[in-house]
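Since every read-out is calculated from the coordinates, none of them should be taken as a lab result. Note that the structure is a prediction, hence the values are computed from the model and not measured. We place every Cβ from the backbone using ideal geometry, glycine too, and count neighbours over all the protein chains shown.
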């Protein structure tokens with residue numbers, strides 16, 4: 001029978017969060033009283049210290065909640081409560097939108113133990129982790145390796161074909177290696193061959209494919225057996241152990257989960273020309289998510305707080321999305337819940353997901369597909385949004401680069417229904433090139449975020465310079481569009497917030513106010 005995991009009332013989290021609330025008033029004292037209705041005033045008040053205070057709160061929440069802020073867990077509920085309380089204290093009237101989805105949650109510690117030939121207990125999140133969307137299970141059985149190919153440069157196809165399991169002893173645990181096909185196919189082939197559980201280890205073909213991975217079996221996984229993911233070093237060790245028998249315990253829930261989106265909108269502004277600014281609030285199950293996406297969530301929260309007294313021309317709606325890590329569930333639910341008239345009232349959407357990666361690049365979503373690799377442009381108006389960020393970076397003398405609309409973040413549901421979108425991104429599991437390292441520093445050959453989807457995505461997993469620049473960019477673009485969307489949809493706004501196009505390189509009065 002399905003267990004229905006419910007969020008309790010978000011307001012109930014306020015007692016726990018009392019020590020975390022009100023910590024982000026780090027700007028000048030004048031910021032608390034004035035209307036930050038010019039770029040100069042707003043950027044003076046949206047500070048790195050204020051953004052970091054929100055991130056510190058998210059880290060504290062994760063520490064109290066078992067190391068995760070994933071949707072459906074107390075860590076997410078408390079994060080939503082914190083955001084709600086900060087918005088309310090700033091003078092907004094926040095709202096909560098609940099939704100249900102097929103989710104995946106940890107229920108407590110899992111386990112991986114060697115029973116024979118020796119007795120060894122391995123460490124969760126260091127040696128192994130439960131794969132996202134694994135079924136629950138606690139099994140003890142002999143281990144059988146399946147079509148492994150060890151060593152650097154290997155071309156593992158372990159478990160990709162049913163024939164790989166010829167002669168597999170039913171009732172055993174399958175030891176599989178990453179490579180060539182998706183994780184769910186490997187695990188489902190193992191289950192079809194009679195495996196009672198799977199240990200999937202990293203491929204080890206290159207130095208960057210040796211540790212734990214943030215991969216998932218996907219919501220369509222139908223193997224029915226527990227799957228743990230291990231480091232390459234552990235997998236290699238197990239592969240060379242004769243007479244191996246192990247216990248595999250996936251202490252998880254897979255079923256209906258209830259989560260929520262949090263919204264706050266300005267009291268003033270044209271309700272038929274809404275500027276939406278969003279970031280996902282949830283982390284993955286395996287970590288606290290302070291960079292992914294505590295960076296974007298904190299930056300738009302601080303921007304909202306410092307804009308609380310602004311009376312914009314256009315209504316601004318801030319959104320903190322739930323269950324992005326489960327497949328853009330919260331933002332998709334929101335778009336699906338709107339009438340066509342309500343969708344038409346949204347002038348544009350700004351998305352901020354991972355804006356302070358440690359090994360960062362300054363990516364801008366490529367609205368006109370001029371810099372990408374063929375994912376296609378965004379809806380009409382998206383190129384203008386890209387131009388605003390280009391102009392901002394140009395004012396700072398900061399290089400920038402286009403990033404394709406791949407559909408991996410919450411802009412996806414918006415562009416799918418024709419709403420112009422844009423935003424910033426500083427890299428996830430992609431690898432920094434030598435050219436990029438020459439422009440922005442950092443380490444060529446390493447991931448943009450080496451802690452992407454891992455337990456080490458903590459308060460320290462942030463490039464402070466990048467986060468400071470991008471937090472100001474969030475505020476810059478939000479205020480510009482709060483006052484004027486003429487470059488996107490032709491509607492007249494406040495004249496001193498109009499920017500000229502990228503071809504002239506001209507920046508209007510907005511830059512120096």
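Structure notes:
- Remark: C-alpha extents of segment 205-340 on the principal axes read 71, 31, 24 Å, sorted largest to smallest.
- A compact globular protein would have a Cα radius of gyration near 2.2 N^0.38 Å; the ratio found for the chain is 1.01.
- Take the Cβ atoms of residue 339 and residue 245, set R0 to 51 Å, and the FRET efficiency comes out at 0.30.
- Modelled label positions at residue 208 and residue 406, each set 7 Å beyond Cα in the direction of Cβ, lie 1.1 nm from each other.
- Between residue 435 and residue 98, the FRET efficiency estimated from the beta carbon spacing at R0 = 35 angstrom works out to 0.15.
- Among 487-496, 354-363, 187-196, 213-222, the order from most to least packed when residues are scored by Cβ within 10 Å on average: 354-363, 187-196, 213-222, 487-496
- Cα gyration tensor, segment 109-250 - rounded (a/c under 1.5), prolate or oblate: rounded
- Full-stretch length increase - residue 147, residue 416 - with 0.36 nm per residue and alpha-carbon distance subtracted: 92.7 nm
- Per the Kirkwood formula applied to alpha carbons, segment 284-334 shows a radius of gyration over Rh ratio, Rg over Rh, of 1.06.
- Mean Cβ count within 10 Å, highest first, over the residues of peptides 134-142, 318-326: 318-326, 134-142
- Efficiency of FRET from Cβ geometry, residue 181 and residue 35, R₀ 56 Å, rounded to 0.05: 0.50
- Net lengthening on full extension, residue 64/residue 270 (0.36 nm per residue, minus Cα-Cα): 70.1 nm
- DSSP bridge pairs, segment 214-347: antiparallel proportion in percent, nearest 5: 35 percent
- Annotation: the antiparallel percentage among DSSP beta bridges lying fully within the chain is about 50.
- Applying 0.36 nm per residue to the separation of residue 89 and residue 465 and subtracting their alpha-carbon distance, the gain on full extension is 132.5 nm.
- Ranked by how many other Cβ atoms sit within 10 Å of their own Cβ, fewest first, the residues 242, 426 fall in the order 242, 426.
- Model label zone, residue 311; criterion: amide N under 11 Å from point 7 Å along Cα-to-beta-carbon; scope segment 88-122: none
- The label-point distance for residue 170 and residue 49, in a model that sets each label 7 Å from Cα toward Cβ, rounds to 6.8 nm.
- In this label model, residue 446 and residue 126 are separated by 2.2 nm, measuring between points 7 Å along each Cα→Cβ vector.
- Bridge type composition, segment 108-254 - antiparallel percent by DSSP, nearest 5: 55 percent
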